[in-house]
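*Asks:* If you scroll down you'll find the structure; I have some questions about it.
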Amino acid sequence: MALLQLTEPGQSAAPHQHRLAAGIDLGTTNSLVASVRSGKAGTLPDDSGQHLLPSVVRYIPDGVIVGEEAKAQAVLDPLNTIVSVKRLLGRGVEDVKTLGSRLPYQFKQQQNTVPRIHTVAGDVTPVEVSAEILKTLNRRAEKSLGGELEGVVITVPAYFDDAQRQATKDAARVAGLRVLRLLNEPTSAAVAYGLDHGSDGIHAIYDLGGGTFDISILRLRRGVFEVLSTGGDSALGGDDFDRLVAEWIMQQAGIDDSADHAMLRRLMRDACSAKETLTTAEVAPLRVDLGNGDYWEGKLTREGFEQLVEALVRKTLVSCRRALRDAGLRPEEIEDVVLVGGSTRVPLVRELVGEFFRTRPLAEIDPDRVVAIGAAVQADVLVGNKSGEEMLLLDVIPLSLGIETMGGLVEKIVPRNTTIPVARAQEFTTFKDGQIAMAIHVLQGERELVSDCRSLAHFELRGIPSMVAGGARIKVTFSVDADGLLGVEAREESSGVKASVVVKPSYGLTDLEIEEMLRDSIDHAAEDLEARGLRERQVEANRTIEALRAALDEDGEVLLDKTEYQAIEEQLDKLIEVSGGSDQQAIKQQIDNLEKACEFYVERRMNASVKKAMAGHSVKDFE
Amino acid sequence: MLDFSKNHFELFGLPSSYVIDANQLAERYLELQRVMHPDRYAKGSAQERRLSMQGSIRINEAYETLKDPIHRARYLLSLKGIDMDLQKETTQDAAFLMEQLELREQLAEAPNRPDPYGFISTLMADINRRITSLVGQMAVQFETATPEQLEAAREILRKMQFLQKLRYQAESLESELDEAL
């Protein structure tokens, strides 16, 4: 329990204690981990000096290989090597089919809506595959920073929906990481740039990665990054450029659609390297292994490549226009455009984006690393290494949130581009006598028909008091937290009875499934779970003790009377006593006791901070 | 923890008036979010996180209401005891309704124009001009806010509502065009 720090900006409460935290960019093609060290944010390399970790996971009978080595074998072992898993994260089996008919995996068909990929090491979900990438980055960070991480900030595309965000958070849980925040990638890039430039104004962040596209329009004002609007396509990126090139090669070389997995992987690899060559060269030579001892040789010109991908690039500009309109701005009102993501290296992208915004786009920070760097800065603030008052990120919900109503229509509850956190209440009633349960279908998207929006979850409200039809007034509150994640609460208004909400995610895993994965996870099986649990409790207890002491030193005597002060101190001493022991339960119990004893103090401190922020501003000043 | 009994204006320490200094409002908003946003309590107790989320939601809601001239008018009327049922209330001003009909017809024609985007954008600029003009009229009513003026404000709000809906339809039509691309 960290009580609010009322220290002045720049003054850390305990400067000697640097907490370890990292920012993770979990990318479609590559992933990175970054951290702030001696006041400077940078990405962390692996043992061989590589910063980029290819987001490739290969399953072998007795283990998992992640990164470069797995990537090198993708062509040889296509069915057990998962690439671009981010495209599958938070998606259903049906979605996956529409993502491209040529995904080179064997999907296991089953009742569960989460796709499972069949490998030699068993069936795996995209959440588990992503967790392997996170674990690898975590190990790298702990090794270079020399200790266990207290928390991480993981970036997600701004246009990720609730299911995709939840799946990302689930992956972190399976990897045993504590998530301080899910941060939108463009916002993260803006943080990295904002700190370098320190320029107040309105900026556009154009982020075209391997599999996702985001555009965010944001205003920077004295350290506050306020996202005005965001748009994009969570299934459009450099992979799609590769696919178009691969299809073109197939046409040219007379390779038919029935080509095997290994052939498809080779084609994608060749297409990708041709695309990369064309960033600087005018022509890319091609030599494709046909697998039967023969090779097809040809070439792709930059002009030819641009003809293939122009429609896709123009599609991103449609999103840009919509984001501008949502922000109520014209292109010329944007001060500058920052390019993020490896796919912005394509010259045509730079040209068309520059044309659209009527300015030369900025790409000074390595577009591959900028997102991770911003996340590291935010992680450093959130973990408490800075008093944090100097920076604040205000983000928005990317897609409207609605519920299903009569006739398969969607009623919007929270429109897109509303600043989060946000909550909206809606009242429902029962339509049968004695009805004690009710289901609410929550969707995300802009269209009017349920079938055109994305189903997030079915919420079942149970424990509604039995009344006559129409008698119950059930107030359902939908909230979206700072991570962009949905929460639902329900209460019957006349009786005040709280209904229990059972979530049935449309494309997610249940808590039970995640816990099972956590147990099955190789890393955890080897460790003594009991010892790990105790250590975690002790860390939590120490954090609580330290924060409370700092708070008491600061304003305990101002905000508390003698009796109150003593009561809190008494509970604090008890926690210090039990935290040295080995009774997990007792430590947890005493943390709870202490928190309860401090509740009113916490409220007083929050009030004091609001008063302080508004000091000098009162209505009278203006009369 | 925020004092939830305060109204939106009080929360920001601003006078309850229709004419509002947008910069000042934004400043106050940021000052409050700086201390209340959940990111300030990322390491906090469950209680702190809950309270800061509630507070932050409240600040966002107040800001959304006050910064938009149509929401602000409706809110200010409700503070003066006039709660409108916008589903049912509609203006009876015949000349205004005729104009609306014409605008709506123009919008329906947009997809058949040679440059539908340009046409919609001109139409939207026209709608925005009309809203701005109503905002000016609204400000006059709230200056002294006599009962008669509040009734007049209510009538202006009904018209604003019309235009807002039309603007929304224009945006939807533009999105439909986008999707057809």
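The values are calculated or read from the model by the stated rules, or taken from the named source; none is laboratory data. Everything quoted here is computed from the prediction, not taken from an experiment. When we count neighbours, we look across all protein chains shown, and the Cβ atoms used for this are built from the backbone with ideal geometry, even at glycine.
*Asks:* List pairs: first in segment B:82-102 and within 20 Å of B:Arg129 (Cα to Cα), second among the acidic types (Asp, Glu) and part of a helix (DSSP H, G or I), Cβ under 8 Å, 6+ apart or cross-chain?
*Replies:* Close Cβ pairs (under 8 Å, with a partner that is among the acidic types (Asp, Glu) and part of a helix (DSSP H, G or I)) amount to B:Thr91/B:Glu155; B:Asp93/B:Glu155.
*Asks:* Go through (1) within 25 Å of A:Gln164 (Cβ to Cβ); (2) not in a strand (DSSP E or B) one by one and return the number of the condition A:Thr477 breaks.
*Replies:* Only one criterion in (1) within 25 Å of A:Gln164 (Cβ to Cβ); (2) not in a strand (DSSP E or B) is unmet by A:Thr477, namely (2).
*Asks:* Take B:Thr132 and tell me if it is over 30 Å from A:Arg604 (Cβ atoms), within 14 Å of another protein chain (Cβ to nearest Cβ) and among the β-branched types (Val, Ile, Thr).
*Replies:* Judged against the criteria, B:Thr132 is a match.
*Asks:* Tell me, which residue of segment A:112-131 that is assigned to a loop (DSSP other than H, G, I, E, B) and over 22 Å from A:Ser31 (Cβ atoms) is farthest from the chain's Cα centre (by Cα)?
*Replies:* Restricting to residues being assigned to a loop (DSSP other than H, G, I, E, B) and over 22 Å from A:Ser31 (Cβ atoms), the top hit is A:Val120.
*Asks:* Out of the helices (runs of 4 or more DSSP H) lying entirely within segment B:43-133, which hold 2 or more residues that are surrounded by 13 or more Cβ atoms within 10 Å (Cβ to Cβ), of a type in the set (A, V, I, L, M) and over 22 Å from the mean Cα position of the chain (by Cα)?
*Replies:* Helices (runs of 4 or more DSSP H) meeting the threshold: B:46-67.
*Asks:* Further question: Looking at A:Leu300, A:Leu290, which one is over 22 Å from A:Glu351 (Cα atoms) and of a type outside the set (Val, Ile, Thr)?
*Replies:* Selected residue: A:Leu290, the only one of A:Leu300, A:Leu290 that is over 22 Å from A:Glu351 (Cα atoms) and of a type outside the set (Val, Ile, Thr).
*Asks:* I'm checking my understanding of the structure. Among residues of segment B:2-11 that are within 8 Å of chain A (Cβ to nearest Cβ) and surrounded by 20 or more Cβ atoms within 10 Å (Cβ to Cβ), which one is modelled with the highest pLDDT?
*Replies:* Result: B:Phe9.
*Asks:* Let me ask something else about it. Any residue at all in segment A:615-623 that is assigned to a helix (DSSP H, G or I), more than 33 Å from the chain's Cα centre (by Cα) and surrounded by 13 or more Cβ atoms within 10 Å (Cβ to Cβ)?
*Replies:* Within segment A:615-623, one or more residues are assigned to a helix (DSSP H, G or I), more than 33 Å from the chain's Cα centre (by Cα) and surrounded by 13 or more Cβ atoms within 10 Å (Cβ to Cβ).
*Asks:* Can you tell me which of A:Ala281, A:Ala271, A:Ala259 is part of a loop (DSSP other than H, G, I, E, B) and within 30 Å of A:Asp95 (Cα to Cα)?
*Replies:* Exactly one residue qualifies, and that residue is A:Ala259.
*Asks:* Considering only residues that are at pLDDT below 90 and either assigned to a loop (DSSP other than H, G, I, E, B) or basic (Lys, Arg) (or both), which ones fall in segment A:62-87?
*Replies:* Result: A:Asp62, A:Gln73, A:Ala74, A:Val75, A:Leu76, A:Asp77, A:Ser84, A:Arg87.
*Asks:* Might you let me know whether segment A:540-554 holds any residue that is away from chain B (no Cβ under 14 Å), in a helix (DSSP H, G or I) and closer than 20 Å to B:Arg34 by Cα?
*Replies:* Residues of segment A:540-554 away from chain B (no Cβ under 14 Å): A:549, A:552-554.
Adding the requirement that they be in a helix (DSSP H, G or I) leaves A:549, A:552-554.
From what is left, the residues that are closer than 20 Å to B:Arg34 by Cα are A:554.
Yes, segment A:540-554 has at least one match.
*Asks:* Starting from residues that are part of a helix (DSSP H, G or I) and among the small types (Gly, Ala, Ser), keep the ones in segment A:570-597 and report whichever is modelled with the highest pLDDT.
*Replies:* A:Ala586
*Asks:* Still on this structure: Can you pull out the residues in segment A:176-193 that are surrounded by fewer than 24 Cβ atoms within 10 Å (Cβ to Cβ) and of a type in the set (Gly, Ala, Ser)?
*Replies:* The one that is surrounded by fewer than 24 Cβ atoms within 10 Å (Cβ to Cβ) and of a type in the set (Gly, Ala, Ser): A:Gly176.
*Asks:* Output the residue which, of all residues in segment B:144-159 that are free of Cβ contacts under 8 Å to residues at least 24 places away in the same chain and part of a helix (DSSP H, G or I), is farthest from B:Leu76 (Cα to Cα). Reasoning before the result, please.
*Replies:* Taking segment B:144-159 as the starting set, the residues that turn out to be free of Cβ contacts under 8 Å to residues at least 24 places away in the same chain are B:144, B:146-149, B:151-152.
Cutting the leftovers down to part of a helix (DSSP H, G or I) gives us B:144, B:147-149, B:151-152.
Numbers: B:Thr144: 13, B:Pro147: 14, B:Glu148: 15, B:Gln149: 13, B:Glu151: 13, B:Ala152: 14 Å.
Filtering first and then ranking leaves B:Glu148.
*Asks:* Which of the residues spanning segment A:573-597 are within 14 Å of chain B (Cβ to nearest Cβ) and more than 14 Å from A:Glu546 (Cα to Cα)?
*Replies:* Those that are within 14 Å of chain B (Cβ to nearest Cβ) and more than 14 Å from A:Glu546 (Cα to Cα): A:Lys588, A:Gln590, A:Asp592, A:Asn593, A:Lys596, A:Ala597.
*Asks:* Would you check which residues across segment A:375-394 are touching a strand residue (DSSP E or B) at 6+ places or on another chain (Cβ under 8 Å) and at the interface with chain B (Cβ under 10 Å from one of its Cβ atoms) and list them?
*Replies:* A:Gln378, A:Ala379, A:Leu382, A:Val383, A:Met391, A:Leu392, A:Leu393, A:Leu394
*Asks:* Read through the list (1) in a strand (DSSP E or B); (2) crowded, with 21+ Cβ neighbours inside 10 Å, then give the number of the only condition that A:Arg287 fails.
*Replies:* In the conditions (1) in a strand (DSSP E or B); (2) crowded, with 21+ Cβ neighbours inside 10 Å, A:Arg287 misses (2) alone.
*Asks:* I've got another one for you. Any chance you could count how many residues in segment A:429-461 are among the aromatic types (Phe, Trp, Tyr) and either within 14 Å of another protein chain (Cβ to nearest Cβ) or surrounded by fewer than 17 Cβ atoms within 10 Å (Cβ to Cβ) (or both)?
*Replies:* Going through segment A:429-461 one residue at a time, the tally reaches 1.
*Asks:* Might you let me know whether segment A:497-519 holds any residue that is more than 32 Å from the chain's Cα centre (by Cα), at pLDDT below 85 and under 30 Å from A:Arg424 (Cα atoms)?
*Replies:* Looking through segment A:497-519, at least one residue is more than 32 Å from the chain's Cα centre (by Cα), at pLDDT below 85 and under 30 Å from A:Arg424 (Cα atoms).
*Asks:* Looking for something over 16 Å from A:Glu226 (Cβ atoms), more than 7 Å from every other protein chain (Cβ to nearest Cβ) and acidic (Asp, Glu) - is there at least one such residue anywhere in segment B:20-31?
*Replies:* yes
*Asks:* Tell me, please, whether a residue that is under 19 Å from A:Gly201 (Cα atoms) and either surrounded by fewer than 22 Cβ atoms within 10 Å (Cβ to Cβ) or acidic (Asp, Glu) (or both) can be found in segment A:336-349.
*Replies:* yes
*Asks:* On the basis of being at pLDDT below 90 and either within 14 Å of chain A (Cβ to nearest Cβ) or on the phi < 0 side of the Ramachandran plot (or both), does B:Glu176 make the cut? Spell out how you get there, then give the answer.
*Replies:* Details: at pLDDT below 90: yes; either within 14 Å of chain A (Cβ to nearest Cβ) or on the phi < 0 side of the Ramachandran plot (or both): yes.
Taking the combined requirement at face value, the residue satisfies it.
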